[in-house]
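Visitor: So that we are looking at the same thing, I have put the structure below in structure tokens.
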Amino acid sequence: MRTDLLTDPIDGLDEALAVVDAFDDVLVAGLLRPQKIAGLTELAEAVAGSPLASRVAEAAEKTAAGAAGEEHFVSLAAARIAVFGSVHDAVLARLAEATGRRSEEESIRQVSETDMPNLPAAARSWLADLARAGWQGIDHDLISASSQVISALLAEPGLRRLAVLLDGFAAELAASCPGAALERVPVRRWGDLWSRGILLTLPAATPTIGTVTGRLLPLGVELLEHSTAAQAQVHAVFEPEDGSTPRLVRASVTVPKPDTIIGAGIWQLLRPHLSLLTAISEGRSMDLAEMPVTAEGDLLWQDRHARLGELADAFSTARVALPKAVTPAVAPLDRHPVRIAVPVFLEGYGIEGDEDALTFTFAGNHLAVETDRIPAAGPLTPKAVASSSACIGLIRWDGGFRLQPLAVETTVRKKTTAVHAGAWAGGTTDKAGVKAEKAATDAAAVLRERAGRLLRK
């Protein structure tokens with residue numbers, strides 16, 4: 001892997017991000033009577049050579065004059081996402097050059113209409129009102145106006161993606177009211193949620209879903225935790241049965257959780273929904289037969305299409321199979337740099353800094369390590385990463401390339417030992433893991449008892 005390419009500047013990247021920042025500044029004060037016209041003009045100029053050119057130019061003009069309608073806000077949101085898409089593509093192209101792995105071409109998608117167009121239209125109307133008011137103009141009346149729409153959206157499975165986004169967005173905004181009193185506005189985050197929400201109200205492009213048969217070789221598992229939900233995402237190499245080119249794939253499971261269950265106890269909630277977690281703990285492959293998969297490489301996991309396979313060491317997979325695997329295509333609406341997470345294998349690096357600010361060095365080039373992303377629900381620790389000799393991780397981008405460790409090889413008692421973030425996913429005999437699991441079991445039992453009492457009453 002050419003790590004020197006991860007430190008070289010990418011042409012046009014700073015200029016594209018400056019365009020987004022300028023437009024987001026307009027959203028702070030609101031689009032009803034915009035105070036910073038330059039942000040609108042710069043966004044229109046940024047897409048002047050694209051099919052969006054005329055629509056965005058008109059939208060910028062109407063918005064500047066205080067006469068914009070919902071259709072104009074849709075154009076502005078599309079332009080913002082398009083600019084971020086160009087940033088995503090530039091970053092991903094640099095990563096492809098650094099890793100030497102090619103990407104699959106995006107498949108053709110069919111646009112499908114919803115059976116209840118009035119619900120997305122109502123959501124779009126609320127998002128338009130939000131943009132007119134701006135982040136500094138939000139109040140509880142404006143945010144509460146979304147509650148009925150969100151409740152109706154949540155009841156429709158086909159609109160769940162939009163519903164979940166708006167539900168979380170509205171909760172963040174409600175916790176920040178009144179906007180006029182905010183000392184710090186999460187400008188880019190709210191701009192991302194607003195523009196993505198606007199486009200999700202439009203007829204959606206249905207992803208292509210096929211099936212795959214072959215061998216799945218896990219690389220590592222990423223655990224994401226929230227006070228009310230948890231998600232495990234397994235990154236793996238899939239080798240087709242027909243001997244065609246291996247590809248990178250993902251398998252995810254998300255579950256609700258009480259905020260009293262933390263650490264290793266979270267695996268108890270996730271295991272029943274994803275047998276792949278057992279394979280992770282046991283260091284085994286999985287044999288798949290007609291497993292559904294999207295064009296973006298997301299396995300729609302169903303246990304009946306999978307069975308445990310032979311032993312498969314993740315570091316052997318990373319050394320032998322990973323370099324040959326192609327990267328799946330990215331859906332247009334998902335082309336945002338924050339979503340980039342490319343599996344890589346690194347070795348032969350130097351280490352600088354401490355556990356809180358760790359950097360891998362390669363012949364004078366530096367790669368920041370995100371030790372704060374290491375979950376507490378596994379044996380991998382910043383200390384283990386700081387003493388490692390090889391690492392499987394995810395390359396991310398946040399103003400620069402950064403590495404999220406998933407597993408490392410380190411020396412324990414003069415012996416090279418692999419330490420995985422997801423080693424406890426399918427169960428563990430590790431003392432710390434067993435203790436955390438017991439605590440979670442006790443907490444879950446108490447919650448079930450209390451719930452039973454409430455139901456009996």
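The values are calculated or read from the model by the stated rules, or taken from the named source; none is laboratory data. A quick note: this is a predicted structure, and the numbers were derived from the prediction, not measured. Using ideal geometry, Cβ is built from the backbone for each residue, glycine included, and neighbour counts are taken over all protein chains shown.
Visitor: Tell me which residues, restricted to the range 353-379, are more than 13 Å from Arg402 (Cβ to Cβ) and in contact with a Phe, Trp or Tyr (Cβ under 9 Å, 6 or more places away or on another chain).
Guide: Scanning the range 353-379 gives Thr361, Phe362, Ala377, Gly378, Pro379.
Visitor: Tell me which residues, restricted to the range 256-288, are closer than 16 Å to His305 by Cβ, among the hydroxyl-bearing types (Ser, Thr, Tyr) and in contact with a helix residue (DSSP H, G or I) (Cβ under 6 Å, 6 or more places away or on another chain).
Guide: Matches in the range 256-288: Ser275 only.
Visitor: So is Thr278 of a type in the set (Ser, Thr, Tyr), in contact (Cβ under 8 Å) with a residue 60 or more places away in the chain and closer than 30 Å to Gly399 by Cα or not? It would help to see each step written out before you state the result.
Guide: Details: of a type in the set (Ser, Thr, Tyr): yes; in contact (Cβ under 8 Å) with a residue 60 or more places away in the chain: yes; closer than 30 Å to Gly399 by Cα: no.
In short, no.
Visitor: Let me ask something else about it. I'd like the full set of residues that are in a loop (DSSP other than H, G, I, E, B), closer than 26 Å to Ser275 by Cβ and not acidic (Asp, Glu), limited to the range 402-439.
Guide: Within the range 402-439, Ala421, Gly422, Ala423, Trp424, Ala425, Gly426, Gly427, Thr428, Thr429 qualify.
Visitor: May I ask you to say which residue of Leu394, Leu380 is under 19 Å from the mean Cα position of the chain (by Cα), outside any helix (DSSP H, G or I) and either surrounded by 21 or more Cβ atoms within 10 Å (Cβ to Cβ) or not polar (S, T, N, Q) (or both)?
Guide: Leu394
Visitor: Hey, another quick one. State which residue pairs qualify: first residue in contact (Cβ under 8 Å) with a residue 40 or more places away in the chain and inside the range 157-171, second residue of a type in the set (Val, Ile, Thr) in any location, beta carbons under 7 Å apart, and separation of 6 or more residues or different chains.
Guide: The qualifying pairs are Gly158/Thr114; Leu159/Thr114; Leu162/Thr201; Leu166/Ile150.
Visitor: Please go through the range 242-270 and give me each residue that is β-branched (Val, Ile, Thr) and in contact with a His (Cβ under 7 Å, 6 or more places away or on another chain), ordered by number.
Guide: Matches in the range 242-270: Val253, Val255.
Visitor: Would you please name the residue that is modelled with the highest pLDDT, looking only at residues in the range 409-435 that are in contact with a Phe, Trp or Tyr (Cβ under 8 Å, 6 or more places away or on another chain) and hydrophobic (A, V, I, L, M, F, W, C)?
Guide: That would be Ala418.
Visitor: Could you give every pair whose Cβ atoms fall below 7 Å, whose first residue belongs to the range 172-190 and is farther than 20 Å from Ser144 by Cα, and whose second residue is of a type in the set (A, V, I, L, M, F, W, C), counting only separations of at least 6 or pairs across chains?
Guide: Pairs that qualify, where the first residue is farther than 20 Å from Ser144 by Cα and the partner is of a type in the set (A, V, I, L, M, F, W, C), are Val187/Val28.
Visitor: Given the criteria surrounded by fewer than 20 Cβ atoms within 10 Å (Cβ to Cβ), modelled with pLDDT of 95 or more and among the basic types (Lys, Arg), does Arg184 qualify? Lay out the reasoning, then the answer.
Guide: Numbers: surrounded by fewer than 20 Cβ atoms within 10 Å (Cβ to Cβ): yes; modelled with pLDDT of 95 or more: no; among the basic types (Lys, Arg): yes.
So Arg184 fails the test.
Visitor: Only one residue in Asp14, Asp89, Asp4 is modelled with pLDDT under 90 and assigned to a helix (DSSP H, G or I), so which one is that?
Guide: Asp4
Visitor: Sticking with this structure for a sec: Consider the range 239-279. How many of its residues are in a strand (DSSP E or B) and among the hydroxyl-bearing types (Ser, Thr, Tyr)?
Guide: Total satisfying the criteria: 2.
Visitor: So the check is Cβ under 7 Å with 6+ separation or different chains; which pairs have a first residue in the range 406-423 that's on the phi > 0 side of the Ramachandran plot and of a type in the set (Asp, Glu) and a second one that's surrounded by 19 or more Cβ atoms within 10 Å (Cβ to Cβ) and modelled with pLDDT of 90 or more?
Guide: As it stands, the answer is none, since no pair meets every condition given.
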